[in-house]
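The values are calculated or read from the model by the stated rules, or taken from the named source; none is laboratory data. Keep in mind that this is a model prediction, so the values were computed, not measured. Neighbour counts are summed over all protein chains in view; Cβ atoms, including those assigned to glycine, are modelled from backbone coordinates with ideal geometry. Accessible surface areas use protein heavy atoms only, side chains included; no ligands, DNA or RNA. Shrake-Rupley method; radii C 1.70, N 1.55, O 1.52, S 1.80 Å.
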Amino acid sequence: MCSRDIALHMQAHPVARQQEFVEPEQCRFRDDGVFPNSVLPVLLYRQAFMAEAEDRASVVEQCFAENDWTNSWRNGVYSFTHYHSTTHEVLGAYGGAATLRLGGEHGKNVEVHAGDVIVIPAGVAHQNIGASADFAVVGAYPDGREWDLLRGRPGERPKADHNIAALPIPDNDPIYGANGPLRQIWRSNPAKPKTKAS
């Protein structure tokens, strides 16, 4: 599991420290007619990773991969509003800071700093509305799913809504694995999205 491996990494590299457990903040965004958003909350883990590691991106990437959030990349976050209908997404900030707008035009601005991890359910609109020059994230997807890029344009919704409804809840929290908070929080939602067979 990721936390065990990071503990071993910490022994060899004390600056790559992960905190014991970070309870995620939850943000909910309703369908606004343009962006579907989600019945599932966005999960924001503050300072889930300590930011002193020499290769912070690799530490975050490895943790995600060990919890089966793969197909990863390193970059920033698009400055235009967009969402994904074919997968949920995790972003682990390993440098700098940014203000992300979640939920579309009438959504919420969230400050994200190096060490923070944000899980964005399929359908939730997001964009970078301002960032430091060194802001960078690792992005990844449960089961290595392929992602699409939708921008709230006319005609997207019927197919996008179908794709989102068909997605299972991931088997693992991207940081804490099968026993992490993601499954418990997302399973307890009133709309009860389908879960994978055990």
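If you project the alpha carbons of the stretch 105-147 onto the principal axes, what extent comes out on each, in Å, largest first?
30, 27, 14
Could you please state how large a percent of the accessible area of the stretch 63-120 is carbon and sulfur, counting protein chains only and using a 1.4 Å probe?
46
Magnitude of the Cβ-charge dipole of the stretch 108-193, K/R +1 and D/E -1, about the Cα centre, nearest 20 debye?
Computed about the Cα centre, the dipole is about 400 debye.
Return the sequence-ordered ³J(HN,Hα) values of the stretch 92-102 in whole Hz as given by the Karplus equation 6.51 cos²θ - 1.76 cosθ + 1.60 applied to θ = phi - 60°, using x for Gly and Pro.
x, 6, 10, x, x, 8, 8, 9, 9, 9, 10
If you count only protein heavy atoms with a 1.4 Å probe, what accessible area per residue comes out for the stretch 53-181, rounded to a whole Å²?
Here the per-residue accessible area is 40 Å².
Treating the beta-carbon of each Lys and Arg as +1 and of each Asp and Glu as -1, no other charges, what is the dipole magnitude of the stretch 43-198 about its Cα centre, to the nearest 20 debye?
Charge dipole of the stretch 43-198: 740 debye, to the nearest 20.
As an exercise, identify the GluC sites (Glu not before Pro) in the stretch 50-125 lying in DSSP coil whose Cβ has no more than 13 other Cβ atoms within 10 Å.
Glu52, Glu54, Glu105
Work out the length of the dipole vector of the stretch 34-124 about its Cα centre, built from +1 on the beta-carbon of each Lys and Arg and -1 on the beta-carbon of each Asp and Glu, and round it to the nearest 20 debye.
Its charge dipole is roughly 340 debye.
State, to one decimal in nm², a quarter of the convex hull surface area for the C-alpha atoms of the stretch 28-135, i.e. the direction-averaged projected area.
For the stretch 28-135, the mean projected area of the Cα convex hull comes to 6.5 nm².
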